[in-house]
Each structure stands twice: as structure tokens, then as C-alpha cells.
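See below for the structure under consideration.
The values are calculated or read from the model by the stated rules, or taken from the named source; none is laboratory data. The structure displayed is predicted, hence computed values, not measured ones. All Cβ positions, glycine included, derive from the backbone under ideal geometry; neighbour counts span all protein chains shown.
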């Protein structure tokens, strides 16, 4: 029922925890063995036509989460398409006319060809208003897994969402590096190599064009997302209360030091006092933080913390900071060396974060890494490990909210 290229364990589309969750929720026998769990789900699907349809739609949803590359960008209407799409009846009419050839079937129930094909679309409705539209695509590709000049044909799912509440288009697909457009001989032709990014953006362009929407201007989009990444960085690198108390203890000392120093150097106190005090506060925070005996103070009670960032200052100097994998950047010297510049520019080009899972029941408490980068007018969001849909949505909501701050 489920094609091998989608259910294969090494593809990491349908992983053991999601199978355990399905079995638990449907009263099926649970086990640690992935093959047994998958067989339980497939057996459940054979029990009735309703079960078969349910499992097929469940597969669509599962394929949408996991190890994903995601690209999002703000959208606008040429006239009033966004408003029309929020009306349930008008939305259905627009979609039926725009995608008349869409078979409206789950991926595993419809033919996948060498061309990009839309399989189905679904509207999410709340209080009689369409809040989002989800489009499912798939395409046959060649993947070089054999390293002998031959390749395997795979079904490659791609998903595009239109967020009608925040006015964003969001494309996602599994990250793959050795993929090619198909040819009859199933052989590797370097000129037919394609990237995950190219396929996602192709699907986004198709949906945007068919729905008569417009992508935000590239330069404006880049600027907005860089500001968003800065706001995310700021939200997750706030000064812990314990450290702030230690800094505050030096308030009078700092004032006295600045006054004496500026007096000796004949520097105007009123003009420079605030900037000087800010510099010394950063100096104090730096040395208190990097010598603090409990590094978890920078991760405790936070949904995420940064482990890498890159920014560009007004003189086009590249600022890059990296910590050891999963060690918080906030206890590193370099973070504070560049803190003033980052705060002044209020932009960030690239950031890597360790995020805590919303629901660790099936995947455990180990944080997952997500990388965010401003690229070609999009915010590219890359998950390095399997994450559930609610975790993906949580990260994307941070990006969207960050642009509004």
C-alpha cells in the first residue's frame, strides 16, 4: 500500500515513534520493532475502506513533517485574492478552477510521474473562515544511493501551504543531496541534477501563479527576515536574572569609574555617559557569564537557545559566532565581543538554535537543531533531525512574529 521509497526505514519519512503513536492512539499492539509496528498499521488499513482512506491521509500528514527544508515568504494580492481565499465558497471555486486537473487523492493513491504533479489540496477552516490552504505535490526523481552509476527511482513529496492569517507562502520537502531528474535508463546525468531548494521554489511559484498572488519584493523580504532572526536571537539570549543582579551590584562603581575616567581624559560626560555605561555592562555580563559555574542557566526554562549566528554590520563586516554543538552561545566570549554591534544593527543573516520539543512523549527530551537563514528573498528553515508538525509550526511562528516586532 505504501511505496518502498516512502516507507523504507533509511528514508526517515515514517519513523518508529510516529508508528508507535499511531498504534497507541488506535488501540493496536505497540512494540519497539519498527517492522512490526508498520505491519500493524498496514493491517489496520485492510480492515475497511474507511481505515484504508484514513491511513492514506495519515501518510500524507506524516510525510509533511520530519527532517525538512522549509522556505517561507510573505505574499500579497494583485487585487483582493487573499480576502477572497478566506471565504469558504469563493476559495473552493477559485481552487477548483485553478487546479482543475488535480486528482484530489493522497500521494499513495494517485500516479506519480516524472513531472511535478499536484496530488491534492485541503482547506483549514476556523469559524467559517479559511485560515490556510495546504497543497501536496509529488514527483519521480532519481537518487544516487548506489554509487555505481545507477540510481533508484523515488517518489519525492513536496508541500506548499498558504497561511491566510499572516499572509505567507510556505514550501517544504525532505532534504536530499544526490537527486536528479528522471531518464529512461535510470542513469546519473550530471546536467539533470536538481536541489531540494529548486524543487520547493518551483512548487511555490506554481501555487502563487495559479492563485494570482504576489511574492514580497526580494530586498524588502531579506530585510524583514534579517530583523526577524535578530528578534529571535534577542528573545532567546536574555540576561538571566541571577547574572543581572550581579551586574546591578556594580551600578555605583561604574558611574564613579566613568566620571573619574572622563574627567581625567577631558571627555564630555553627559554626551557619552549612556554609551559608556552600556559598554561596561556588556563587559561585566561577558565575564560573569563565561565564568558562571552553571551553563544551564542559559538554557533552563527557554524553549530554545542559539549555538551559531552570523550577521553583517553597517560596514559589511561579517560577524560569525559558533559554539560547540548544543553548547549555548551565550557562555562564549565571542558572543559578547559582538553583542553591541548586533544590537546596533538589529539584523542577523543566519542562526542555528537548539529547540526543545513541545511533546517529548515519543521522541524524548533531547533538543533538536534548526538552522534559519535569509536566502534569495526567503527565510530558509532547516531541521536536521525528525520533528513533528507542531514543532515545525512553533519555529515558523517565531519567524513570522519576529518580523512584526
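Remarks
- Being out of contact with any helix residue (DSSP H, G or I) (no Cβ under 6 Å at 6 or more places or on another chain) and in contact (Cβ under 8 Å) with a residue 40 or more places away in the chain is a property that does not hold for residue 154.
- Of all residues in the range 217-243 being exposed (fewer than 14 other Cβ atoms within 10 Å of the Cβ) and assigned to a helix (DSSP H, G or I), the one that is farthest from the chain's Cα centre (by Cα): 242
- Qualifying positions in the range 290-305 - within 25 Å of the chain's Cα centre (by Cα) and surrounded by 15 or more Cβ atoms within 10 Å (Cβ to Cβ): 298, 299, 302, 303, 304, 305
- Within the range 358-390, the residues that satisfy the criterion of being assigned to a loop (DSSP other than H, G, I, E, B), touching a strand residue (DSSP E or B) at 6+ places or on another chain (Cβ under 7 Å) and over 13 Å from residue 70 (Cβ atoms) are 367, 377, 385.
- The range 160-178 - residue that is farther than 19 Å from residue 91 by Cα and at pLDDT 90 or above and, of those, surrounded by the fewest Cβ atoms within 10 Å (Cβ to Cβ): 175
- Among the numbered conditions (1) part of a helix (DSSP H, G or I); (2) more than 28 Å from residue 387 (Cβ to Cβ); (3) modelled with pLDDT of 95 or more, the only one that residue 214 does not meet is (1).
- Residue match in the range 179-195 (condition: touching a helix residue (DSSP H, G or I) at 6+ places or on another chain (Cβ under 6 Å) and surrounded by fewer than 18 Cβ atoms within 10 Å (Cβ to Cβ)): yes
- Test: residue 364 is in contact with a helix residue (DSSP H, G or I) (Cβ under 9 Å, 6 or more places away or on another chain) and either within 24 Å of residue 23 (Cβ to Cβ) or outside the structural domain of residue 282 (by TED's automatic domain parsing) (or both): yes
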